[in-house]
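Written out below as structure tokens is the structure these notes cover.
The values are calculated or read from the model by the stated rules, or taken from the named source; none is laboratory data. Please read these numbers as outputs of a predicted model, since none were measured by experiment. Ideal geometry is used to build each Cβ from the backbone, glycine not excepted, and the neighbour counts take in all protein chains shown. With ligands, DNA and RNA removed, areas are computed over all heavy atoms of the protein, side chains included. Shrake-Rupley method; radii C 1.70, N 1.55, O 1.52, S 1.80 Å.
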Amino acid sequence: MIFTTLGRYFFRRYAITTFWFLAGIFALIFIIDFSELANRMSQLPRYSVAGALLMTTFRIPMILQQTVPFVALFAGMAALISLNRRYELVVTRAAGISVWQFLQPFVIGAFLFGVLTVIALNPIASWGTKKAEALEAEWGSSSSAKSAISIPWLRQIYGKDDTIIGARSVQDEGRTLVNVTVIHFDPLGTIVSRQDAATAKLEDGYWLLNGVTETRNGELPRRLATVQLPTHLKPEFVQETLAKADSIQFFDLKHKIEVAKSFGFPTNAMETQFHSMLSLPLLLVAMTLIAASVSLKFSRFNQSRPVILGGILSGFVLYVVTVLVKAFGSSGIVPPFVAAWLPVVVAMALGSTILLHEEDG
């Protein structure tokens with residue numbers, strides 16, 4: 001069907017509808033996120049309108065990625081309703097083409113949309129998130145962004161120096177810490193000194209602290225431009241300790257999982273994210289089947305309201321269940337593979353069953 005003239009026409013209609021939905025959501029997210037950023041950061045010393053526009057641009061791909069399942073749902077509903085109201089599906093059925101045939105272009109379009117999200121949008125979203133966090137740190141923000149990572153204290157022992165390192169937020173997947181506090185202890189557990197730094201970057205064999213204020217017992221604080229803090233910590237260890245699974249791009253997840261396992265870290269969150277990205281194309285196919293199940297019944301004038309409400313409710317329930325089961329997988333309650341694939345399989349089976357009942361009795 002996809003290679004016929006009618007199939008290409010349906011595929012083109014679906015692609016155009018999806019594009020306009022993405023453009024509309026992009027514009028809406030841009031306006032809302034820019035307003036929120038301006039309200040939250042306008043008091044920062046280095047804030048500027050141009051910088052806020054740039055940060056919003058960096059942040060949008062990650063937000064847009066979360067809306068992809070709903071875009072697939074609404075694009076499928078809108079395209080099918082439009083074809084129905086123009087009698088094009090009526091004529092298609094009259095020509096003897098079954099629902100399973102003329103849905104092929106929509107299903108293939110949804111699958112390709114999911115593939116493009118995984119291989120293109122996801123890496124851009126990961127890169128943009130890092131850039132947005134770095135830009136916020138340059139502005140002098142004292143609070144981490146929503147996508148930044150609030151971390152616990154790290155402890156390291158180098159020779160006789162027992163050190164605890166803490167920070168407000170993390171950048172570059174754990175290699176750079178912002179608003180850093182370093183506390184040094186002697187072998188008896190007594191605090192020897194404290195170092196407060198603007199940033200700390202993990203280099204080969206040491207942390208490079210920048211903008212340091214050093215305080216020792218009985219001495220006045222000293223200000224130092226840079227300080228090197230020796231460490232045995234490896235960049236891979238710190239990254240696996242501090243990086244959030246959803247901030248890692250899809251193509252790096254497999255390697256990150258292997259590295260985390262080599263250090264003995266739990267990998268449930270990263271494995272769940274990996275399988276969720278793998279299953280995304282089929283999740284969009286399931287959304288398209290759900291859209292078809294509420295959009296194919298012909299009605300010239302009174303179709304929109306019940307269709308929109310039914311589609312929104314069905315998509316919302318599927319999305320909530322997917323997020324909930326994904327949280328179970330990340331916490332280790334459910335195996336990651338099951339957490340990522342079970343909602344997709346159930347949704348596809350449900351959509352296919354409804355279509356079979358409606359179309360084939």
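Observations
- Qualifying residue in region 77-100 (condition: closer than 16 Å to S295 by Cβ, surrounded by fewer than 21 Cβ atoms within 10 Å (Cβ to Cβ) and touching a Gly at 6+ places or on another chain (Cβ under 8 Å)): no
- Per this entry, Y47 is counted among residues that are at pLDDT below 85 and under 30 Å from G128 (Cα atoms).
- A200 meets all of the listed conditions (1) open to solvent by 50 Å² or more (accessible area, probe 1.4 Å); (2) among the small types (G, A, S); (3) at pLDDT below 90 but one, namely (1).
- Residue match in region 112-133 (condition: open to solvent by 10 Å² or more (accessible area, probe 1.4 Å), at pLDDT below 90, in the same structural domain as L309 (by the TED database) and in contact with a strand residue (DSSP E or B) (Cβ under 7 Å, 6 or more places away or on another chain)): yes
- Scan region 316-360 for residues that are over 17 Å from the mean Cα position of the chain (by Cα), under 20 Å from I290 (Cβ atoms) and open to solvent by 70 Å² or more (accessible area, probe 1.4 Å) and the total you get is 11.
- Search result, residues across region 226-251 that are more than 18 Å from the chain's Cα centre (by Cα), at pLDDT 75 or above and surrounded by fewer than 16 Cβ atoms within 10 Å (Cβ to Cβ): T226, Q228, P230, H232
- Any hit, region 28-50, residues being within 30 Å of T5 (Cβ to Cβ), in the same structural domain as I354 (by the TED database) and out of contact with any Gly (no Cβ under 7 Å at 6 or more places or on another chain): no
- Single residue of region 203-225 satisfying the filter (outside any loop (DSSP other than H, G, I, E, B) and acidic (D, E)) that is surrounded by the fewest Cβ atoms within 10 Å (Cβ to Cβ): E203
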